[in-house]
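Taking it in order: structure first as structure tokens, then the write-up.
None of the figures in this text is laboratory data; all of them are computed from the coordinates on show. Keep in mind that this is a model prediction, so the values were computed, not measured. All Cβ positions, glycine included, derive from the backbone under ideal geometry; neighbour counts span all protein chains shown.
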Amino acid sequence: MLDSIPAVAGKVGKPRRRPDKLLADRGYDSNRHRRELRRRGVTPEIARRETSHGSGLGRFRWVVERTFAWLHQFRRLLVRFERRADIHRAFLSLGCSVICWRRLQGAN
């Protein structure tokens, strides 16, 4: 997934292709994942398994969970009926557009 991130435009110089760091939950806690991230020049911030909660990663994670909840309002995205990835991606883009439109309407 990291290899498919497009270049970040807007800054002078060579465009960045990778984030500085990656936040992940305990499901990705393995030396293999950490090693692959470091090999790509990304600092891993992965919660360790079998440690107490309170690592602080959750305060960022709720943004992702909230976004998934918004996208799951659209039944076609909640239950994937499309077999073709391009059609699913199109509905995902449409769903994101509708969410942004609704957020902008509420801001006025």
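Odds and ends about this structure:
- Taken along its principal axes, the alpha carbon cloud of the chain reaches lengths of 41, 40, 38 Å, longest axis first.
- Under 11 Å, Cβ to Cβ, from T51 - net charge with Lys/Arg +1 and Asp/Glu -1: +1
- Choice from R38, R17, R49 showing the highest fluctuation, given a GNM over the chain with Cα pairs closer than 10 Å: R17
- Burial ordering of I5, I99, fewest other beta-carbon atoms within 10 Å first: I5, I99
- Along the chain, longest interval not containing exposed chymotrypsin sites (Phe, Trp or Tyr not before Pro), exposed being DSSP loop plus at most 16 other Cβ atoms within 10 Å: 1-73
- Using θ = phi - 60° and Karplus 6.51 cos²θ - 1.76 cosθ + 1.60, couplings along the range 82-91 (whole Hz; Gly, Pro as x): 6, 8, 7, 5, 5, 5, 4, 4, 5, 5
- Net charge contributed by nearby residues that have their C-beta within less than 12 Å of S30 (K/R +1, D/E -1): +4
- As an equivalent ellipsoid, the range 61-108 spans semi-axes of 21, 13, 8 angstrom, where each value is the square root of five times an eigenvalue of the C-alpha gyration tensor, largest first.
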